[in-house]
1. When only residues in segment 190-246 that are part of a helix (DSSP H, G or I) and at positive phi count, which is farthest from the chain's Cα centre (by Cα)?
2. Tally time: how many residues in segment 168-189 are in a helix (DSSP H, G or I) and free of Cβ contacts under 8 Å to residues at least 24 places away in the same chain?
3. Among the numbered conditions (1) at pLDDT 95 or above; (2) within 25 Å of residue 3 (Cβ to Cβ), tell me where residue 87 comes up short.
4. Mind listing just one residue for me: the one in segment 119-145 that is free of Cβ contacts under 8 Å to residues at least 40 places away in the same chain and crowded, with 21+ Cβ neighbours inside 10 Å and, of those, farthest from the chain's Cα centre (by Cα)?
5. Give the residue, chosen from 148, 192, 201, that is buried (at least 22 other Cβ atoms within 10 Å of the Cβ), touching a strand residue (DSSP E or B) at 6+ places or on another chain (Cβ under 9 Å) and touching a residue at least 40 places away in the same chain (Cβ under 8 Å).
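The values are calculated or read from the model by the stated rules, or taken from the named source; none is laboratory data. Since the model is a prediction, treat every value here as computed from it, not as a measurement. Cβ sites come from the backbone with ideal geometry, for glycine too, and all protein chains shown count toward neighbours.
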């Protein structure tokens, strides 16, 4: 499949499907954003791709391993940040074996790439929500997989780190030809980073295609029930701004 992710008539849910059968293909070297209001199936879709949730029907196909960044992760034991990142090396380490020096170096490089190597020896449970999110992203990078799945990766981050993560995703897709799928509540993040967008709509409908074609003002109004307008930025480019009527 050359690094592609293909969903064929995929149905997921909890007794009842959350959306109509999903058929789409995400190519290596591209970024796909997943948007929609709460409860439409964004997290459930990523869980199904990661093998955490069993589909009701259809097929998921991709080659190689994957790295996964969940919204929430609370370990039951006191691990250091480096220990958490090393968990991403699991498929590279033989059963009952310890991480090698090479594995540790990959983990440290992942932390370094995100500018958080200084957190390596800190207890994960003592870190802030944003710091934990960055550690989980580093764990996914350490997996060195073709497919990277991220569930709202910028949700707990400050503005500077939001920009860092979005830039990193674009760099990984371009330089490493990774296939990246991330969910978000920020349409502007999809506009900035994603080649393609999957937009969940009411009544179990969905749209998939080039981001600029999917994220129209009309489609966003259908998805969220809120007017969202394009705003031109002084330095070039666009942002999507909701009109709450406050």
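1. 203
2. Start the filter on segment 168-189 by keeping residues that are in a helix (DSSP H, G or I), which leaves 168-175, 187-189.
Next cut, free of Cβ contacts under 8 Å to residues at least 24 places away in the same chain only: 171, 175.
Qualifying residue count for the region: 2.
3. All conditions are met except number (1).
4. Selected residue: 119.
5. The unique qualifying residue is 148.
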